[in-house]
Amino acid sequence: MTQAPASTQENPLLEGLRKRRQAEPCAMTIFGASGDLTQRKLFPALYALAFRSLLPPNFGVVGVARTPMSDDEFREKMRQAVADHGRDEFRQEVWDQLAEGIRYVASDFSDEGGEQHVVDCLNALDKERGTAGNRVYYLAVPPSAIETIVVAMGKRRTTGGWTRLIVEKPFGHDLESARHLNEVIRTYFEENEIFRIDHYLGKETVQNMLVLRFANGIFEPIWNRQFVDHVQITVAESLGIEGRAAFFEQAGAVRDIVQNHLLQLVALTAMEPPIDFSADSVRNEKVKVLKAMHTPGPKHVVRGQYGPGYIEGEEVPGYREEPGVAPDSTTETYVAAKLFVDNWRWADTPFYIRTGKRLPRRETTIAIQFKRAPHPPFEIDSEEGLRPNVLLVHIQPDEGVSLAVGAKVPGQGLTIRTVHMDFLYGGAFRTGLPEAYERLILDCMLGDSTLFTRADEVEEQWALVDAMVAPWKRDHPNFPNYAAGTWGPAAAEELLRRDGRSWRRH
Amino acid sequence: MAENVTIRDVERELGDLRAATTQPGEHPRLRTSVMTLMAWVPPNWVDAATETLAGLAERHPSRTILLFPQPDDPRDALDAEVDLRCFLRGGEEQQVCSEVISIRLCGRRSSAPATVVEPLLVADLPVFLRWRGQCPFGAPELEELVDIADRLVVDTSEWPDAEVAYERLAELLDRIVVSDIAWARTEPWRRGVAALWPDVANASSVRVAGPPVEALLLGRWLSARLGREVELQREPAGEIELVEVDGRQAVPVRFERESSSDLLSEQLEIFSRDRAYEEVVRSFSSAAI
């Protein structure tokens, strides 16, 4: 029998070598390269990937923005951004290697020919750096600019290599606009080439939610309406709008946080086990949850807007006093809602969600509150310090998981107190948690869309949000209704009090 | 180091130390472990071991048990010291602590270490055994510790006559998973050679400028993987500087920095067997010739 030629055999020399997540040669184009996101997140993420040799040697970045700048000026600006915001020490040799592939194109796409400059630059990178026609287009631009760029670049796709498009949130401003945007993008790009980014999904602790649920046999049997009393998900920020008045006045908390981050956290908490960890298996399960989700009515959605108050002892202005905000603005900076997931696992189990700006502290948590023990055989006095079991997933800060359990207070008699058993992510694994953008950019280069949002997911999220905000068009809220530095309007407390529950104590 | 102690003394001291380091009003210091790391450190390896282990606890929170054999000590006793190494979590107030237990095994205790360490292993977590220097194959101390560990980590470049000792190491492979730091050092070059496939499918020679053990491992690896005799030509060098297969130069593919701590740290993250390495080690045994 003749042996197959070596070129068709599997490479035997790879046996035993661990798979490394290194991307293929490619060029990444960042539209909106002079913006805050590029400097604070994208370039520090690229540097962190380069620091760990996760970028291919044949890699290039093209920054595109309106601001006139030379290649060298852009490089220097990004070098400073990496030095200021990077999580790793700054190593000149790492930067030099990355900087060799950095180019800049000053273009406003309303200019005739602006897109051709970008294409020419990318073609030149192919020749100079061997980026092989592989393209990542990162749209870090305002929503109004997305369509123009998609059409311009979609019409100029390369014939060789792959093309992937990363679209920043917000993806549309309602269901109709999201559908329209999906249609436009899909005219030029296949769904598997579209990476709608929600950076929350890139956070280690969010991914750990899936591991916690589906790699441990002890949680899943009790992860349902039989044992769970309710779920509370909090995305709290102590910051205000930080100069983003133009964006926030349009979006409000519901479009900024609820439509994407919060609903994704609900979906990850409530989803059924996927059959595998492939992109479509995971997203299929999330979509089922989003389809099954509803809020029981306007009474179960609370909105608020902060007035003046104190954060960390410092006096801060109210939302309407922030620069760029209308003095009679009715934009919500706080949203709380009760949601239900109508399926066998979760029927009648409330998911309480809340998000707000200028709350007392920054915190993102998912709290699974279990039902009380049916018949504790202790005297009532001894149970005074006992609270229900809560599995608390800390997304940020203090990344980790805590379980609140009842324990006997040492000493004579029998007194029970609730104590927390903590698993701190940074305590068990001290390799340094990668920034969400590092993970997501690399995933995109590798073509893995598991942690990105699919078109139908986005549309389901918008459908729910549209239903939540529809009644708001009819009434005029009495804003401001909570002081900066407090946990939101009184109506939010009432939302849970009506059900005989309360928000978690902090 | 306290002299003539018992394991109960060690356990009590650990408990006291944990309690004492938390002041009223402070966040509790968390004890975190992902493994028990035992290190067998003969006297001439103490400095090197200390250097490698510095910072390792921060990367791999574990209960570390350092065993210092002193077979020539006239006493039949244990001396011990316990230390709680606490690290601030980046930007947070909470501290995470790992326990380091140093035990001097005096006299006959040097050849019966298992009963000393077994009570101190963290239950249900993997046990790694780092053996500094040449493994004394057949000696009771190695035999005992291999039986309680899940993974043996060696650096065969520390062995004076590795080529002969691999045959004995092969005998251990059925009992314990083995990691070799010398083998880990060849990884970037193995990746570089793998990138030359299929041009090297019929290779007949490999030229390595590097230390003897690493060169030997690379030569045996290529022979084993290609299923053909590949002649090794070695040029002395302090570390691997060149690998050439039939005149084709391999470009090393490096991912991380490679200090001794980095290399050990990487081995502590691996749980599976490395079949390619085991094949290389077994190729040294007389049965394979």
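The values are calculated or read from the model by the stated rules, or taken from the named source; none is laboratory data. Since we're looking at a predicted model, the values are computed, not measured. Cβ sites come from the backbone with ideal geometry, for glycine too, and all protein chains shown count toward neighbours.
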Legend entry - Selection within the stretch A:87-98 - surrounded by 14 or more Cβ atoms within 10 Å (Cβ to Cβ) and within 14 Å of chain B (Cβ to nearest Cβ): A:Arg87, A:Asp88, A:Val94, A:Gln97
Inset, instruction - Report whether or not A:Asp422 is within 21 Å of A:Ala367 (Cα to Cα) and assigned by TED's automatic domain parsing to the domain that holds A:Ala253. - result: yes
Legend entry - Selection within the stretch A:4-55 - of a type in the set (Lys, Arg) and either touching a residue at least 60 places away in the same chain (Cβ under 8 Å) or away from every other protein chain (no Cβ under 13 Å) (or both): A:Arg21, A:Arg40, A:Lys41
Inset, instruction - Test each condition in (1) touching a Leu at 6+ places or on another chain (Cβ under 6 Å); (2) at pLDDT 95 or above; (3) away from chain A (no Cβ under 13 Å) for B:Glu214 and report the one that comes out false. - result: (1)
Inset, instruction - Could you look through the stretch A:56-78, keep only residues that are of a type in the set (S, T, N, Q) and more than 14 Å from chain B (Cβ to nearest Cβ), and pick out the one that is surrounded by the most Cβ atoms within 10 Å (Cβ to Cβ)? - result: A:Thr67
Legend entry - Matching option when the condition is away from every other protein chain (no Cβ under 11 Å) and surrounded by 17 or more Cβ atoms within 10 Å (Cβ to Cβ), among B:Arg225, B:Arg234: B:Arg234
Legend entry - Evaluation of A:Asn284 against (1) surrounded by fewer than 17 Cβ atoms within 10 Å (Cβ to Cβ); (2) without any contact (Cβ under 8 Å) to a residue 12 or more places away in the chain (one fails), failing number: (1)
Inset, instruction - State whether the residues of the stretch B:133-145 include one that is assigned to a loop (DSSP other than H, G, I, E, B), touching a Phe, Trp or Tyr at 6+ places or on another chain (Cβ under 6 Å) and not assigned by TED's automatic domain parsing to the domain that holds B:Leu218. - result: yes
Inset, instruction - Collect the residues in the stretch B:182-207 that are touching a strand residue (DSSP E or B) at 6+ places or on another chain (Cβ under 7 Å), under 19 Å from B:Asp274 (Cα atoms) and away from chain A (no Cβ under 14 Å), keeping them in residue-number order. - result: none
Legend entry - Matching helices (runs of 4 or more DSSP H) fully within the stretch A:1-103 where at least 2 residues are closer than 26 Å to B:Pro188 by Cβ: A:43-51, A:92-99
Inset, instruction - Report whether or not B:Ala114 is within 14 Å of another protein chain (Cβ to nearest Cβ) and closer than 26 Å to B:Arg63 by Cα. - result: no
Legend entry - Number of the exception - A:Asp174 against (1) under 26 Å from A:Met28 (Cα atoms); (2) of a type in the set (Asp, Glu); (3) surrounded by 14 or more Cβ atoms within 10 Å (Cβ to Cβ): (1)
Inset, instruction - Test A:Leu446 against the criterion of being at pLDDT below 80 and out of contact with any Leu (no Cβ under 6 Å at 6 or more places or on another chain), and give yes or no. - result: no
Inset, instruction - Give the residues of the stretch B:110-149 that are more than 16 Å from B:Val100 (Cα to Cα) and among the basic types (Lys, Arg), sorted by residue number. - result: B:Arg132
Legend entry - Residue that is more than 26 Å from A:Glu438 (Cα to Cα) and surrounded by fewer than 22 Cβ atoms within 10 Å (Cβ to Cβ), where the choices are A:Phe277, A:Phe227, A:Phe189: A:Phe227
Inset, instruction - Could you name every one of the strands (runs of 3 or more DSSP E) located completely within the stretch A:387-430 that has at least 3 residues being at pLDDT 80 or above and within 14 Å of chain B (Cβ to nearest Cβ)? - result: A:400-408
Inset, instruction - Output the strands (runs of 3 or more DSSP E) that fall wholly within the stretch B:171-239 and possess 2 or more residues being closer than 23 Å to B:Arg151 by Cβ, out of contact with any Cys (no Cβ under 8 Å at 6 or more places or on another chain) and not β-branched (Val, Ile, Thr), or say none. - result: B:177-180
Inset, instruction - Looking for whichever is outside any loop (DSSP other than H, G, I, E, B), modelled with pLDDT under 90 and on the phi < 0 side of the Ramachandran plot here; the options are A:Glu115, A:Glu128. Which one fits? - result: A:Glu115
Inset, instruction - From (1) at pLDDT 90 or above; (2) β-branched (Val, Ile, Thr); (3) outside any helix (DSSP H, G or I), pick out the condition that doesn't hold for A:Ile185. - result: (3)
Legend entry - Residues within the stretch B:258-272 that are within 10 Å of chain A (Cβ to nearest Cβ) and either more than 21 Å from A:Leu13 (Cβ to Cβ) or not in a helix (DSSP H, G or I) (or both), tallied: 4
Inset, instruction - Inspect the stretch A:152-170 for any residue being free of Cβ contacts under 8 Å to residues at least 12 places away in the same chain and not small (Gly, Ala, Ser) and give the result as yes or no. - result: no
